[in-house]
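Structure first, then comments.
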Amino acid sequence: MLSAGFTTGEPVWLTLRSLTALKAPRPGSLANFVVRVCENPSVVEAAADMLGADCAPLVCTYGQPSIAAWVLLSALARAGAQLRVSADRDKYGMDIASGLLRLPGARAWLPETTGCYEEDRLADLLADLAPRWSTD
């Protein structure tokens with residue numbers, strides 16, 4: 001399921017049941033890996049439409065993180081992944097971001113951009129998810 005999504009760029013909905021079948025990454029094994037985290041599925045949909053399989057790693061909490069989202073993001077953080085967190089900047093979104101930013105290696109994703117909602121910042125989020133091909 002994950003391989004197919006990775007190859008095609010199609011978003012994959014992970015449940016707690018599907019995560020329990022996966023082997024957790026070893027601590028430190030993802031030390032140079034960056035994973036962006038958003039709150040709104042509209043970010044994932046736009047990234048899939050625009051970038052497909054070239055999109056940088058992106059996890060969507062779909063609002064308040066589910067147990068599956070916490071399990072996944074906690075495992076990534078324990079493995080040393082750098083989490084970049086975005087959410088709406090209203091009270092609800094700030095509460096979501098506040099909890100996620102407590103994970104090891106978590107920082108705000110593009111905090112300098114303006115706009116209350118992720119949809120207001122969508123162009124900047126998508127630009128950051130786009131591949132950076134070297135011309136050297």
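The values are calculated or read from the model by the stated rules, or taken from the named source; none is laboratory data. None of the values given here were measured: they were computed from a predicted structure. Here Cβ is always computed from backbone atoms with ideal geometry, including for glycine, and neighbour counts include all displayed protein chains. Quick note on the areas: whole protein, heavy atoms, side chains included, nothing else; ligands and nucleic acids left out. Shrake-Rupley method; radii C 1.70, N 1.55, O 1.52, S 1.80 Å.
I'm trying to understand the selection: among the residues of the stretch 79-100, which are farther than 13 Å from residue 35 by Cα and of a type outside the set (Ser, Thr, Tyr)?
Within the stretch 79-100, 87, 88, 89, 90, 91, 93, 94, 95, 96, 97, 99 qualify.
Of the residues in the stretch 90-110, how many are open to solvent by less than 80 Å² (accessible area, probe 1.4 Å) and over 23 Å from residue 71 (Cα atoms)?
Summing the residues that are open to solvent by less than 80 Å² (accessible area, probe 1.4 Å) and over 23 Å from residue 71 (Cα atoms) in the stretch 90-110 gives 2.
Going through the stretch 37-71 one residue at a time, which ones are out of contact with any Pro (no Cβ under 6 Å at 6 or more places or on another chain), open to solvent by 40 Å² or more (accessible area, probe 1.4 Å) and in a helix (DSSP H, G or I)?
45, 49, 50, 53, 67, 70, 71
If you take the residues of the stretch 78-88 that are over 12 Å from the mean Cα position of the chain (by Cα) and under 23 Å from residue 130 (Cα atoms), which of them is surrounded by the fewest Cβ atoms within 10 Å (Cβ to Cβ)?
Checking each candidate, the answer is 80.
Could you please let me know if residue 74 is polar (S, T, N, Q) and either under 19 Å from residue 19 (Cα atoms) or open to solvent by less than 10 Å² (accessible area, probe 1.4 Å) (or both)?
Details: polar (S, T, N, Q): yes; either under 19 Å from residue 19 (Cα atoms) or open to solvent by less than 10 Å² (accessible area, probe 1.4 Å) (or both): yes.
It is true that residue 74 is polar (S, T, N, Q) and either under 19 Å from residue 19 (Cα atoms) or open to solvent by less than 10 Å² (accessible area, probe 1.4 Å) (or both).
Just to verify a result, which residue in the stretch 5-34, among those that are open to solvent by less than 90 Å² (accessible area, probe 1.4 Å) and of a type in the set (Val, Ile, Thr), is farthest from residue 104 (Cα to Cα)?
Per the criteria, the residue is 12.
Show the residue pairs that are 6+ apart or on different chains and have beta-carbon atoms under 7 Å apart, the first residue being within the stretch 87-103 and farther than 15 Å from residue 60 by Cα, the second being part of a helix (DSSP H, G or I).
103/73; 103/74; 103/77
When residues of the stretch 41-63 are filtered for being more than 12 Å from the chain's Cα centre (by Cα) and either closer than 15 Å to residue 117 by Cα or free of Cβ contacts under 8 Å to residues at least 12 places away in the same chain (or both), how many remain?
4
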